[in-house]
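Asks: Got a structure here, written out as structure tokens. Questions coming.
The values are calculated or read from the model by the stated rules, or taken from the named source; none is laboratory data. Quick caveat, the model's predicted, so the values are computed rather than measured. Using ideal geometry, Cβ is built from the backbone for each residue, glycine included, and neighbour counts are taken over all protein chains shown.
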């Protein structure tokens, strides 16, 4: 399927250490040929520097279509920050707005995402790890918190779709996260493995539903969470039951499925084992974010080129990236500020 019969890229997305590539990193990425890259705050200095780094990353892999991801949600999760980039509210703000007026909240979420896309596309970044479709539950760990659009399934689904459409209109792909739902977690999966002990029927009717409604989107990211009702022994990321029965089955997602970050403490064992387990369970691509070379060496050794189904999904995602539609940024900022009840741009 790859053009010219070339070998498909490695089923991995990697981070890098700093604001420019070291020679050793460049050589590693050239040899590994990952499906994509992800940027964090440590990789960000200025617009011109980020553009140059994105070009360097794609050049190191020798593929102009290599996906480049970032987490630009707004609120506390924003890798691009003032003064060079716009400060945006967390998802919860739009949920509150939608609670008063759904159309107003939907339009504001669309505009906010469209402005994100304009910023990212200008840097060459092709994927925003947004929207968070996790429902918000009282008493749950705050790792989701105001990153969620709220507790109501309809609100989360409507705003999530608006964000997807705003990003894609601007030439940037969305990522549904954290499939099949992180909202009930009582622990932070960055630090430990959460276990959700809720029956399958309740999960199907609640947490899984926003993902089901947006299942035709091109990309999704797994939750490092054990759902006891489906698989009491393994988190979704490494569970063939959760991926096969729930994500691919009842939710019906057939896009490119990536893991959440393999270096999160919810997962145990060597990075080679984490990689092999996630791919064996049905993830299409593993995500490793921190730029640690020793860990990346293990991931690269244990990963494989995209298999036929994963390559189809990857190529479908790349094909979904379209040229951005025109945007009057000043007018968009003014409209968003008005919808948010502000007198000045945000």
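Asks: Just the residues that are touching a strand residue (DSSP E or B) at 6+ places or on another chain (Cβ under 8 Å) and surrounded by fewer than 24 Cβ atoms within 10 Å (Cβ to Cβ), please, taken from the stretch 41-52.
Replies: none
Asks: Something else about it: State yes or no: is residue 44 under 22 Å from the mean Cα position of the chain (by Cα) and in contact (Cβ under 8 Å) with a residue 40 or more places away in the chain?
Replies: Here the answer is no, as residue 44 does not meet what is asked.
Asks: While we're on this one: Restricting the search to the stretch 155-165, which residues are touching a strand residue (DSSP E or B) at 6+ places or on another chain (Cβ under 9 Å) and surrounded by fewer than 24 Cβ atoms within 10 Å (Cβ to Cβ)?
Replies: Within the stretch 155-165, the subset touching a strand residue (DSSP E or B) at 6+ places or on another chain (Cβ under 9 Å) is 156, 160, 163-165.
Residue satisfying the conditions is 165 alone.
Asks: When you scan the stretch 292-300, do you find a residue that is modelled with pLDDT of 95 or more and under 26 Å from residue 180 (Cβ atoms), even just one?
Replies: yes
Asks: Of (1) closer than 21 Å to residue 44 by Cβ; (2) surrounded by fewer than 19 Cβ atoms within 10 Å (Cβ to Cβ); (3) in contact (Cβ under 8 Å) with a residue 12 or more places away in the chain, residue 129 satisfies all except one. Which?
Replies: (2)
Asks: Hey, can you tell me all the residues within the stretch 90-106 that are more than 10 Å from residue 163 (Cβ to Cβ), in contact with a helix residue (DSSP H, G or I) (Cβ under 6 Å, 6 or more places away or on another chain) and either in a helix (DSSP H, G or I) or at pLDDT below 95 (or both)?
Replies: Across the stretch 90-106, the qualifying residues are 92, 95, 97, 98, 104, 105.
Asks: Here is a further query. Just for the stretch 58-69: of the residues that are touching a helix residue (DSSP H, G or I) at 6+ places or on another chain (Cβ under 7 Å) and part of a helix (DSSP H, G or I), which one is nearest to residue 321 (Cα to Cα)?
Replies: Checking each candidate, the answer is 61.
Asks: Restricting to the stretch 169-199, name every residue that is touching a strand residue (DSSP E or B) at 6+ places or on another chain (Cβ under 8 Å) and not in a loop (DSSP other than H, G, I, E, B).
Replies: Once the filter is applied, which keeps residues that are touching a strand residue (DSSP E or B) at 6+ places or on another chain (Cβ under 8 Å) and not in a loop (DSSP other than H, G, I, E, B), the stretch 169-199 yields 173, 174, 176, 177, 178, 179, 195, 196.
Each row is one residue, and each column tells you yes or no for (1) farther than 14 Å from residue 285 by Cα; (2) in contact (Cβ under 8 Å) with a residue 60 or more places away in the chain.
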residue	(1), (2)
221	no, yes
226	yes, no
230	yes, no
243	no, no
250	yes, no
253	yes, yes
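Asks: Can I ask one more? Pull up the stretch 1-21, narrow it to residues that are out of contact with any helix residue (DSSP H, G or I) (no Cβ under 9 Å at 6 or more places or on another chain) and either part of a helix (DSSP H, G or I) or modelled with pLDDT of 95 or more (or both), then point me to the one that is nearest to residue 47 (Cα to Cα).
Replies: Taking the candidates together, the pick is 13.
Asks: Looking only at the stretch 267-290, which residues are under 16 Å from residue 193 (Cα atoms), under 20 Å from the mean Cα position of the chain (by Cα) and in a loop (DSSP other than H, G, I, E, B)?
Replies: Selection gives 267 alone.
Asks: Take the residues in the stretch 261-275 that are surrounded by fewer than 16 Cβ atoms within 10 Å (Cβ to Cβ) and either touching a strand residue (DSSP E or B) at 6+ places or on another chain (Cβ under 6 Å) or over 11 Å from residue 295 (Cβ atoms) (or both), then tell me which one is modelled with the lowest pLDDT.
Replies: 265
Asks: Could you check how many residues of the stretch 242-260 are buried (at least 22 other Cβ atoms within 10 Å of the Cβ) and in a helix (DSSP H, G or I)?
Replies: Residues that pass the stated criteria total 4.
Asks: Something else: Got a number for residues in the stretch 21-40 being under 12 Å from residue 291 (Cβ atoms), in contact (Cβ under 8 Å) with a residue 12 or more places away in the chain and surrounded by fewer than 17 Cβ atoms within 10 Å (Cβ to Cβ)?
Replies: Taking the stretch 21-40 as the starting set, the residues that turn out to be under 12 Å from residue 291 (Cβ atoms) are 21-22, 24-25, 28-29, 37-40.
Cutting the leftovers down to in contact (Cβ under 8 Å) with a residue 12 or more places away in the chain gives us 21, 24-25, 28-29, 37-40.
Add one more test, that the residue is surrounded by fewer than 17 Cβ atoms within 10 Å (Cβ to Cβ), and what stays is 24, 40.
Summing the residues that are under 12 Å from residue 291 (Cβ atoms), in contact (Cβ under 8 Å) with a residue 12 or more places away in the chain and surrounded by fewer than 17 Cβ atoms within 10 Å (Cβ to Cβ) in the stretch 21-40 gives 2.
Asks: Still on this structure, I have one more. Any residue in the stretch 70-85 that is in contact with a helix residue (DSSP H, G or I) (Cβ under 6 Å, 6 or more places away or on another chain), free of Cβ contacts under 8 Å to residues at least 60 places away in the same chain and over 24 Å from residue 131 (Cβ atoms)?
Replies: no
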